[in-house]
1. With an 8 Å cut-off on Cα pairs and a minimum separation of 6 or more residues, tell me the relative contact order of chain A in percent.
2. Return a whole-number percent for the relative contact order of chain B, with Cα pairs under 8 Å and 6 or more residues apart as the contact set.
3. Could you work out the helix-only [θ] at 222 nm for the protein assembly as shown, with each DSSP H run of four or more residues adding -39,500 (n - 2.57) and the total divided by the number of residues, to the nearest 500 deg cm²/dmol?
4. So how strong a dipole does chain B carry about its Cα centre when Lys and Arg Cβ are +1 and Asp and Glu Cβ are -1, to the nearest 20 debye?
5. Between A:Asp63 and B:Thr462, what is the label-to-label distance in nm when each label sits 7 Å out along the Cα-to-Cβ direction?
6. Going by a ≥ b ≥ c, the root eigenvalues of the Cα gyration tensor, does the protein assembly as shown fall in the rounded group (a/c under 1.5), the prolate group (a/b larger than b/c) or the oblate group?
7. Calculate, axis by axis, the spread of Cα positions in region B:431-515 along the three principal axes, and write the results as whole Å, longest axis first.
8. Suppose we take every Cα in region A:81-146 and form the convex hull; what volume per residue is that in Å³?
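Laboratory data are not the source of any read-out in this text; all were calculated from the coordinates shown. Quick caveat: nothing in here was measured; it's all calculated off a predicted structure. Note that we place each Cβ from the backbone using ideal geometry, even for glycine, and neighbour counts take in every protein chain shown.
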Amino acid sequence: MSETVHRPYPGWNVLEKWDSPSFNDATREVLRKRLQEVPARRFFTAGEWPAVEALCDTVLPQDDRADPVPLANWIDATLHEGRGNGTRRADMPAPPEAWRLGLAALDAEARARGAADFALLGADARAALLRDVDAGRLRADWQGLPARRFLRNLVMAEVVAIYYSHPAGQSEIGFGGPASPRGYVRLQPGRADPWEAPPGAWEDTP
Amino acid sequence: MRQFPDREEVDFAIVGAGCGGGVLAAKLAEAGFSVVAFDAGPFWRPLSDFASDEREQEKLYWLDPRISGGDDPLEFGQNNSGRAVGGSSVHFQMVALRFRPDWFAARSRLGYAVDWPVDWRTMWRYYDEVERACAISGPANYPWGPKRRYPYRAHEVNAAGQVLARGAEAMGVPWAPTPLATVSAPRGKSPPCVYRGMCKIGCSTNAKQSVLITYIPRALDAGAEIRDSAMVGRIETENGRATGVEYHRDGQWRFQRARNVVCAGYSIETPRLLLNSANGAHPHGLANSSGTVGRYLMAHLNDAVWGVMDEEIRWYKGPPSMACCEHWNYTDDKDFDGGYSFMSQGPLPTDFARTLVTNEGVFGHDLRRQMTLYNRMAGLKMVGETMPQASNRVTLAEERDDFGLPRARVAFSHCDNDRRMQRHARDFMGRMLKAAGGRDLLETGATAHLMGGCRMGDDPETSVTDSDGRTWDIPNLWICDGSLMPTAGGVNPSMTIMANAARIADRIGALAAQHEPERAHG
């Protein structure tokens, strides 16, 4: 899968505002840790790890990034710390168990498609497999785990929460990034403050 | 801050320091009562503690799981559940709307659900009071309902709000700058809003007039104690009266004696606490002789329509909902009961991405491509009144939390009326967004806010408390939060919860002045 994402804001990097009034000390401390202290694997086993990485790479491919956001490590940290989101569906086990069941089921789905396991599938085949799972076209036993909900509400929701709170993901979409104590002045359509991304280079209008 | 020893019998132990408990604590302390308000969450100092970071600021939400079931399971956490002094108002999006007057008599005037045990004129006076206390910034002429006057001028409407305005004009319905609880001019220690757009993850400049910024300082000035990071697990009773609360703080269980106990933990934690306080004299939980505790839980329909605009909107700037439309709250020619409002949108990146993946299942390069349109998106999202249903309820699960308390189990299912409203709103918002120039429209579903769970009423057989928030069963046990709401209304609930709390505070004061010893402290 070598498709490239059209980037309307090439060169925009929210981190360039690090020393500006858009960043306060609390934000700098949070982002310093996120950028410099990537947690090591503690929750997943070495055997599970390739599947976690392959899954992250399928949900949010970063083949165009020299320095990809370490999605799998942050998912691992969330599970290791037992951090919840306030909700557990009555038909879902707790996240640690759901992840282990889900990874095993993805491997079983891969085997049902003739591969040794999920991580060994090519990118296109992994994407096709996830589309099957999302559509309920299951070939393996998910042991009672609701497959689509696992995929959307645990895996995908967690991956995007990490990616788009990372400066790399924020810069890619032209988000203004941290904004405190300085906020914004120009609120009108098509207007931007000098400390925002310049107007996007769009393929269509505008 | 004044501090009370556990052994001292305080006049009021209030469980929860948000829109209900925070307002009540301030007003009771100002009336001369001794007050300790407990909150399970921390006492944040926004200027130094809040980062501009969605992931970090999840610390404002109640992240401990509720077990969520039924046909349409609710999502908690960031949707509706705060865990901090100031409660959900620390992360609310500041939309400060009032109920339509008829909703307080929904059954007698509009023919659905139930009446409130309070007259709308009374509530109207208290809306005035709390809107002044929170210095609401709103338009000089609000198009719907009886006249009101907002203390601060309306904010300049951002690009996302102008999309709503354009659509409304094309559809021939009124719109308004949303009345907002963030100041448009300096006020005390609050600078005017700087439009950083991160209201949902906590205001780091203190422009937002949350309960943490408004009523909590008043409570402290009047001698109340705010006991933070204190999880109340049980209310004790003896001879038909509440005697105090058992709470966990600094690694141990303690007991605070009190002449009156007030539950103000909102629609999940208040029923959970009452149910978990069951004892020999109250085997089904406190205040539950009617079997109503935990029932008639409501949420708001929060369906949305999103579209790509020709121009850059950059909806991350300014409060997320700067323009609103209450047309369908005040128009009765429709195929469903109740009403809905809708507002312009400005979700932060991970919030919007999560909406995309959970609703659409979009992933891979398609996801990244859709997200690159972030700056050109606009959206309209409803706040729709669901019907009170006895089967939508909070109970206790077998499973226990880290304090050893049973987790809350919540069952929620929509009824046919909810679905008709949902279809109506999606259709109308979709046509409106298209009329405003939106392309490639996308619909998403969600719920927001919580109401009910311990409703007040005139009949002890079908409600938990009387109109003063006093439980029918235990004369010195009160409820003062959104769980009291008999109906949900089609607007964000914060102002109604606060107005009701301000009203209850005055009622308790009046009862005490009448020397009703078995009632409030006299």
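1. 35
2. About 23 percent, as a whole number.
3. -8500 deg cm²/dmol
4. So the magnitude is around 1140 debye.
5. Distance between label points: 6.3 nm.
6. Verdict is prolate for the protein assembly as shown.
7. 64, 25, 16
8. It is 104 Å³ per residue.
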